[in-house]
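*Asks:* Shown below is the structure under consideration.
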Amino acid sequence: MRLMLGFCFALATPAAADVADALNTVILPGYAGFATATAALDQAAQADCAPEGLQDEWNAAFDAWMRVGFLRLGPGEGEGRNLAIAFWPDPKGLGAKAQAGMLKSGEIPAEFGEVSVAARGLFGLERLLYPQDAIFKAEAACRLIRATTADLARMAAELSAEWPPYAARMQAPGAVGETEFLTEAEVKRALLTALVTGVEFQKDSRLGRPLGDFDRPRPERAEARASGRSARNVDLSLRALRDLTAALAPEAAVTLAALDKAIATAEGLDDPVFAGVAEPGSRLKVEILQQQVTAAKDAMMAELVPALGVGTGFNAADGD
Amino acid sequence: MKRLTAALLITTLMPLPLLAATPEGVVANYANIAEAKFQDSLTTAQALKVAVDALVANPSDETLQAARTAWLAARVPYQQTEAYRFGNAAVDDWEGKVNAWPLDEGLIDYVEGAEVGGENPLATANVIANPKLTIAGAEVDASAITPELLGGTLQEADGIESNVATGYHAIEFLLWGQDLNGTGPGAGARPASDFVQGDACTGGNCDRRVAYLVAATDLLITDLEEMVAAWGADGVARAAVTTDPKAGLTAMLTGMGSLSYGELAGERIKLGLMLNDPEEEHDCFSDNTHNSHYYDGVGIQGVYLGSYTRIDGSVVSGESLAELVAAKDAALDTQLKAELDASVAALGAIKTAAEEGFAYDQMLATGDAKGEALIMGAVDALVTQTKSIERAVVALELDAIAVEGSDSLDNPNAVFQ
């Protein structure tokens, strides 16, 4: 009888364990890793602000962000941190303009967290560490680099500190005073929404922007071109999305296989900034990758919706 | 038998307020309200055209002010239609023609301080000054400024969304001009002499500016007529929600949630604050953003309550989504109603502050704590109500499979090949 009861309890809670897995093996370590990487970047910048010497640390920080950057829920939505950490796309070049203003005047606000999100974070640093324009090599660039790395490390530390209590709330839905997550289904809905939105971002933005139309390819719109990270960001993001899927719904074999297929294609692409989108032969490879990402999203909807018992909710990308 | 027939007759013929709302009744009312909102938008756009004609015939401070007043009045019903976006393909596919934003206004007319720094090579094309343009390597004859040129060639030229040549914001730019006050007080200050023919013309090319204003206003009317018809008795938009009431209910909640969260709270309000950019306000030339946000909020609430107050003060109302939700989960209905009240109040606080002289673009200034508190109050209220809108989707069993409507769900094998 006792054994039976125990068995029943075990059956009643496997779903909770999945959410816990997602949080404890993917999300929380992801934010901790980002905090560590940005702290190292900031430490290096405060010691020596020469741009070339900071590229490795900056790339490590960007790699770490790819583990969690697609999560548009929780502490990252507070104070615009998700926007400030990685403001892209920026079709009007607002970030470059705001930085150029600071570099020309030499006036860099002490309260750097108050500066426009477009001018901060990983993309603000990319323009300074891989300068494509003389203004980004101005005398004040060193101070701007240091202000930006310090601000980035601060935000990462805040996320790393605020996520564990948020994760605890996600594991206690319906607790007294809890308004965001009333049931476990709502927690799963939030995570599924993050997954689907994350896959769509690869398809529509990281791949879709440079692809443009066949007649009007837009290689200049690829993400992180100056540092040569465009394809790497897709690859690392797909891996992170795969890991979160595997933690949340390990039985989702079709989705995991679809993601693996896309990851393999991204790995073998040999087109780091999607420059090939302008030539029919090499363009086809990027299109195939985009189709595989689309297939992964379709598999998610077909497989994870019934597996988790929830649909997707509204997301931050619902606007236009 | 006789009795039964009598009972049936009563049910059919008599209005019975005690009868529960049905999905069929709710979507029919939703379509009626859409038709009324777009009709009011059309009526106010026609009044704008009268004012524009008067401005063109006799440019003066008075006629310019009258045209601006007509534009502001036209925004009131239109913004309340925005809750019909996202869920209704007929509206969503169309709305960019009338309300696309943000725009690189240098495509249209002279601007100060614009530089080609972003992705748009046409950001300073200034079609009013240039009868010949080069778009994506091809020469374009823009000597005649017509609705066809604006809608067919310039709108989204070269596939770039910020090339907005038509709609409310293009007209707004022509009536007000650039707001050069940054996050300081003051809106755009285009002089009436920008529309004067002959030597007194300021800003150059007044004939082409007048032609542009007239063409854009005519096109707005044509486009609104199309949407009034789409919600009319035989319209496609009406049919889409009434032939399948469940899809109609989904469209209603999708519109409410997407406008609340991703579009309004995110893209239009929070992003502008985080960028501290005075151009990141929805009605940036006229400094009318407080009204534009407020009436968006009123429109979202109206979808839920099944009610709309027309420009003549009459009310269109009927069976509501609220009644359907209350029948399933009374507590959720009470909560969502309170949250919709709260978001309208928070947007109303911004409106009141702006009307008292604290303009929306001033609220966006770096480090302006009072403005940030007002704006974040609205963002938080909109985000909060989105959660309850999601819960309403679940309560009405419109969740997941129906909402996504993906081919892959109808035919799972399609994605496994």
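*Asks:* I'd like to verify a number: residues in segment B:236-270 that are without any contact (Cβ under 8 Å) to a residue 40 or more places away in the chain and over 19 Å from A:A317 (Cβ atoms), how many?
*Replies:* 3
*Asks:* I'm checking my understanding of the structure. Among residues of segment A:268-302 that are among the hydrophobic types (A, V, I, L, M, F, W, C) and outside any helix (DSSP H, G or I), which one is farthest from the chain's Cα centre (by Cα)?
*Replies:* Filtering segment A:268-302 for residues among the hydrophobic types (A, V, I, L, M, F, W, C) gives A:269, A:273-275, A:277-278, A:284, A:286, A:288-289, A:293, A:295-296, A:299-302.
Filter once more, so that each one left must be outside any helix (DSSP H, G or I): A:269, A:273-274.
On the way: A:L269: 21, A:V273: 18, A:F274: 19 Å.
Within segment A:268-302, the match that is farthest from the chain's Cα centre (by Cα) is A:L269.
*Asks:* Could I ask something else about it? Among the candidates B:V415, B:V379, B:V383, B:V393, single out the residue that is in contact with a Lys or Arg (Cβ under 6 Å, 6 or more places away or on another chain), within 14 Å of chain A (Cβ to nearest Cβ) and either at pLDDT 95 or above or crowded, with 16+ Cβ neighbours inside 10 Å (or both).
*Replies:* B:V379
*Asks:* In the set A:E114, A:E107, which member is modelled with pLDDT of 95 or more and either farther than 24 Å from B:P121 by Cα or buried (at least 22 other Cβ atoms within 10 Å of the Cβ) (or both)?
*Replies:* Checking each option against the conditions leaves just A:E107.
*Asks:* Going by the structure shown, is B:A70 in contact with an Asp or Glu (Cβ under 9 Å, 6 or more places away or on another chain), more than 12 Å from every other protein chain (Cβ to nearest Cβ) and buried (at least 22 other Cβ atoms within 10 Å of the Cβ)? Spell out the reasoning first.
*Replies:* On the way: in contact with an Asp or Glu (Cβ under 9 Å, 6 or more places away or on another chain): no; more than 12 Å from every other protein chain (Cβ to nearest Cβ): yes; buried (at least 22 other Cβ atoms within 10 Å of the Cβ): yes.
The answer is no for B:A70.
*Asks:* What about B:L398, is it within 14 Å of another protein chain (Cβ to nearest Cβ), buried (at least 16 other Cβ atoms within 10 Å of the Cβ) and in a loop (DSSP other than H, G, I, E, B)?
*Replies:* Yes.
*Asks:* Right, here's the next one. Please state which one of A:G106, A:G80, A:G101 is under 29 Å from A:L28 (Cα atoms) and of a type outside the set (D, E, K, R).
*Replies:* A:G80
*Asks:* Inspect all residues belonging to segment B:199-213 and state whether any of them is of a type in the set (S, T, N, Q), surrounded by fewer than 17 Cβ atoms within 10 Å (Cβ to Cβ) and in contact with a Cys (Cβ under 7 Å, 6 or more places away or on another chain). Full working, then the answer.
*Replies:* Our first condition is that a residue be of a type in the set (S, T, N, Q); within segment B:199-213, this holds for B:202, B:205.
Now restrict to residues that are surrounded by fewer than 17 Cβ atoms within 10 Å (Cβ to Cβ): B:202.
This time we only want the ones that are in contact with a Cys (Cβ under 7 Å, 6 or more places away or on another chain), so: none.
Within segment B:199-213, none of the residues are of a type in the set (S, T, N, Q), surrounded by fewer than 17 Cβ atoms within 10 Å (Cβ to Cβ) and in contact with a Cys (Cβ under 7 Å, 6 or more places away or on another chain).
*Asks:* Another question about this same structure. Checking the structure you have, find out if any residue of segment B:186-206 is part of a helix (DSSP H, G or I) and under 22 Å from B:K97 (Cα atoms).
*Replies:* no
*Asks:* Conditions first: (1) small (G, A, S); (2) within 26 Å of A:F214 (Cα to Cα); (3) buried (at least 24 other Cβ atoms within 10 Å of the Cβ). A:S282 passes all but one, so which condition is the exception?
*Replies:* Every listed condition holds for A:S282 apart from (3).
*Asks:* Another one. From A:P91, A:P75, A:P51, which residue is within 10 Å of chain B (Cβ to nearest Cβ) and not charged (D, E, K, R)?
*Replies:* Result: A:P91 is the single residue among A:P91, A:P75, A:P51 that is within 10 Å of chain B (Cβ to nearest Cβ) and not charged (D, E, K, R).
*Asks:* When the residues of segment B:263-296 are narrowed to those that are over 24 Å from B:Q385 (Cα atoms) and at the interface with chain A (Cβ under 10 Å from one of its Cβ atoms), which ends up surrounded by the fewest Cβ atoms within 10 Å (Cβ to Cβ)?
*Replies:* B:E279
*Asks:* Checking the structure you have, find out if any residue of segment A:293-316 is closer than 23 Å to A:W58 by Cβ, modelled with pLDDT of 95 or more and surrounded by fewer than 23 Cβ atoms within 10 Å (Cβ to Cβ).
*Replies:* From segment A:293-316, those closer than 23 Å to A:W58 by Cβ are none; that's our starting set.
There is no residue in segment A:293-316 that is closer than 23 Å to A:W58 by Cβ, modelled with pLDDT of 95 or more and surrounded by fewer than 23 Cβ atoms within 10 Å (Cβ to Cβ).
*Asks:* Within segment A:1-91, considering only helices (runs of 4 or more DSSP H) that don't extend past its boundaries, which have at least 2 residues that are among the β-branched types (V, I, T) and modelled with pLDDT of 95 or more? Spell out the reasoning first.
*Replies:* Numbers: elements: A:2-12, A:14-21, A:28-47, A:51-66, A:81-85.
In segment A:1-91, A:28-47 are the helices (runs of 4 or more DSSP H) which contain 2 or more residues that are among the β-branched types (V, I, T) and modelled with pLDDT of 95 or more.
*Asks:* In addition: Kindly check whether there is at least one residue in segment B:113-122 that is away from chain A (no Cβ under 14 Å), in a loop (DSSP other than H, G, I, E, B) and either surrounded by 15 or more Cβ atoms within 10 Å (Cβ to Cβ) or in contact (Cβ under 8 Å) with a residue 60 or more places away in the chain (or both).
*Replies:* Scanning segment B:113-122 turns up no residue that is away from chain A (no Cβ under 14 Å), in a loop (DSSP other than H, G, I, E, B) and either surrounded by 15 or more Cβ atoms within 10 Å (Cβ to Cβ) or in contact (Cβ under 8 Å) with a residue 60 or more places away in the chain (or both).
*Asks:* Right, here's the next one. Quick check: is even one residue across segment A:81-88 under 19 Å from A:A44 (Cα atoms) and buried (at least 16 other Cβ atoms within 10 Å of the Cβ)?
*Replies:* Yes, some residue in segment A:81-88 is under 19 Å from A:A44 (Cα atoms) and buried (at least 16 other Cβ atoms within 10 Å of the Cβ).
*Asks:* Working only within segment A:303-320, note down all residues that are of a type in the set (A, V, I, L, M, F, W, C) and assigned to a loop (DSSP other than H, G, I, E, B).
*Replies:* A:V310, A:F314, listed by residue number.
*Asks:* Also, I was wondering about something else. What number of residues within segment B:130-176 satisfy the criterion of being within 14 Å of chain A (Cβ to nearest Cβ), hydrophobic (A, V, I, L, M, F, W, C) and not in a loop (DSSP other than H, G, I, E, B)?
*Replies:* 3
*Asks:* For segment A:96-210, which helices (runs of 4 or more DSSP H) that fit wholly inside it have 3 or more residues that are within 25 Å of the chain's Cα centre (by Cα), under 30 Å from A:G276 (Cβ atoms) and within 14 Å of chain B (Cβ to nearest Cβ)? Can you show your working first?
*Replies:* Values: elements: A:121-129, A:141-170, A:184-201.
In segment A:96-210, A:121-129, A:184-201 are the helices (runs of 4 or more DSSP H) which contain 3 or more residues that are within 25 Å of the chain's Cα centre (by Cα), under 30 Å from A:G276 (Cβ atoms) and within 14 Å of chain B (Cβ to nearest Cβ).
*Asks:* In segment A:213-254, which residue that is assigned to a loop (DSSP other than H, G, I, E, B) and within 22 Å of A:L308 (Cα to Cα) is farthest from the other protein chains (Cβ to nearest Cβ)?
*Replies:* A:P250
The values are calculated or read from the model by the stated rules, or taken from the named source; none is laboratory data. Please read these numbers as outputs of a predicted model, since none were measured by experiment. Backbone-built Cβ (ideal geometry, glycine too); neighbour counts: all protein chains shown.
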